[in-house]
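Below you'll find the structure, written out as structure tokens, and then a few comments.
The values are calculated or read from the model by the stated rules, or taken from the named source; none is laboratory data. Here the structure is a predicted model, which means the values were calculated and not measured. Counting neighbours? That spans all protein chains shown, and the Cβs are built from the backbone with ideal geometry, glycine included. Protein only, heavy atoms only, side chains kept; ligands, DNA and RNA dropped before computing areas. Shrake-Rupley method; radii C 1.70, N 1.55, O 1.52, S 1.80 Å.
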Amino acid sequence: MNGVRSIILRVLLAVGLSFALWSFVSFSENPEETARFEDLTLQLVGLADNLIVVDANGIPTTSFPTVDVTLRTDRRQRSELRPVDIRVVADLSDLGPGDHLVPINVQPTRSNLSFSVPTDGVEPAAISVRLEPVETVTVPINLEIFGSPPFSFERGTPELRYNGEPISIVTISGPQSRVRRVAAVRAVANIAQLRATYIAPLSLTPIDANNQPVEGVQVRPASITVIIPINPVVGLRLVPVSPVVIGSPAPGFAVTGIEVEPPLITLTGSSGPLDAISLLQTEAIDIRDAREPVVRIVPLIIPTGTSPAQGEPDAVQVTINIAPIPLPFQVRLPVEVIVTGLNRDLLASVRPNVVELTFAGTSAQLSALASAPLVVQLDLSTFGPGIYQFAVRPTLPSGVSIVGNPPEVTVTIVPIPTPTPTPEPEPSPEVEPTPTPDAG
């Protein structure tokens, strides 16, 4: 019995020594190392459809702090690890309305990656998130009219329309605390000294009970067409021309504006027929599948009992502007930070010298922006030794904006060290040659 136990102990000892030797050799050839990645973009996942993330004021937000991550892995994987191989996420699953402290997790984006995260390897380790329910309500439209027509003209009853149909209420949606502040939406029209019917698309602004704008909510529709008849008292009437457009542009294109020349026509007639006219229509203009501006000279449809005043045309030129629909996009690009104007006696270092920013704009604008490296120059001509913080704000073309707050870089300025002079070696004394006696 003792012999069997002795054999088992020897076998276990041999296995343990073999495993220890294998671990030592493996660790010596492929030791453990750490890798640090800074300014990683945080992703929120698991948000319920009926909730929305808001800031301290209850306004919807998509701006979150970047995350610094330190990972522990072996040397082989460390040499291959890139920022795109990991992602940092805050999981909002099963969270309800209110304030939450959500931990930030680090996940690999490839299945063949293996790493661990130290206890203090994520900075910040958690993010504060406020969630609110999404609410939708309907509110009335308040039309505010400023100014008055001139003498011999009077204002008729306003009409509010959307897609040609009468409208009196709109839909408001957004965070519950903001939506419940909205009492109505406001449209503002100015008819001062107008001699013809007012027709214009007007944007709608959500307002509270004190007539103050409310931010952070969506209005559907966002704009309406307002028609305010302006009628002459007797004899003559100046009437706006309203082109009749049928069909739709080609897919991906939209009507960006309609121009009429002349835009107003003076009609004559008795007060009855004139009072019934608020606008003058043209014959139909077909823009089906159009991809470029359409220009037509079209006859006017003159109502019975009226006629154009002397010198007025019976046809107008209509220009319908058609352009591609610009779609908003976002792209994240690196921006290099360099210094200029530094005094010759100083040295400067920038940390980090390359930052990533998210830009918003149309596809064409962002393609043009990404075609050349982005560089921000910091003018240090007025700065002496010290440590400074600068926000990275590149010069952007019109229509392109930065999403969120611009990141900051740290610039350290120090004097150039004075070199220590090296003494020159003293010359060695010359040795006189020893005379050699003559042979013989």
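Key figures for this structure:
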read-out: Efficiency of FRET from Cβ geometry, Ile246 and Ser168, R₀ 35 Å, rounded to 0.05; value: 0.80
read-out: Most to least packed among 185-191, 54-60 [average Cβ atoms within 10 Å]; value: 185-191, 54-60
read-out: Share of carbon and sulfur in the accessible heavy-atom surface of the chain [1.4 Å probe, %]; value: 54 percent
read-out: In order through the stretch 128-133: 3J(HN,Hα) via Karplus (6.51 cos²θ - 1.76 cosθ + 1.60), integer Hz, x for Gly, Pro; value: 7, 10, 10, 10, 10, x
read-out: Of (1) 30.6; (2) 23.4; (3) 22.5, the label for Kirkwood radius over Cα pairs in Å derived from the coordinates; value: (1)
read-out: Antiparallel DSSP beta bridges within the stretch 219-325, percent to nearest 5; value: 85 percent
read-out: Rg/Rh (Cα only; Kirkwood hydrodynamic radius) as it applies to the stretch 223-365; value: 1.36
read-out: The stretch 73-142-the stretch 43-69 distance, computed between alpha-carbon centres (Å); value: 10 Å
read-out: Beta bridges by DSSP in the chain, antiparallel share as percent, to the nearest 5; value: 85 percent
read-out: Accessible surface, per residue, of the chain when the full set of protein chains is kept, probe 1.4 Å, Å²; value: 62 Å²
read-out: Three-way shape call for the stretch 65-193 based on the alpha-carbon gyration tensor, with the a/c threshold at 1.5; value: prolate
read-out: Sparse-neighbourhood loop sites, chymotrypsin sites (Phe, Trp or Tyr not before Pro) in the stretch 135-166 - DSSP loop, at most 10 other Cβ within 10 angstrom; value: Phe151
read-out: Residue-wise HN-Hα coupling along the stretch 134-142, computed from phi with Karplus coefficients 6.51, -1.76, 1.60 (Hz; x: Gly, Pro); value: 7, 10, 10, 9, 10, 9, x, 9, 9
read-out: FRET E, pair Val134, Val400, Förster distance 25 Å, beta-carbon r, rounded to 0.05; value: 0.25
read-out: Phi to ³J(HN,Hα) by Karplus 6.51 cos²θ - 1.76 cosθ + 1.60 over the stretch 266-273, Hz, x for Gly, Pro; value: 8, 10, 10, x, 6, 4, x, x
read-out: For the stretch 160-292, alpha-carbon Rg relative to the globular expectation (2.2 N^0.38 Å, N residues); value: 1.33
read-out: Sum of -39500 (n - 2.57) over DSSP H runs of 4+, divided by residues of the chain (222 nm, nearest 500); value: -3500 deg cm²/dmol
read-out: Beta bridges by DSSP in the stretch 280-421, antiparallel share as percent, to the nearest 5; value: 85 percent
read-out: The stretch 256-307: trypsin sites (Lys or Arg not before Pro) falling in loop per DSSP and having at most 15 other Cβ within 10 Å; value: Arg288, Arg291
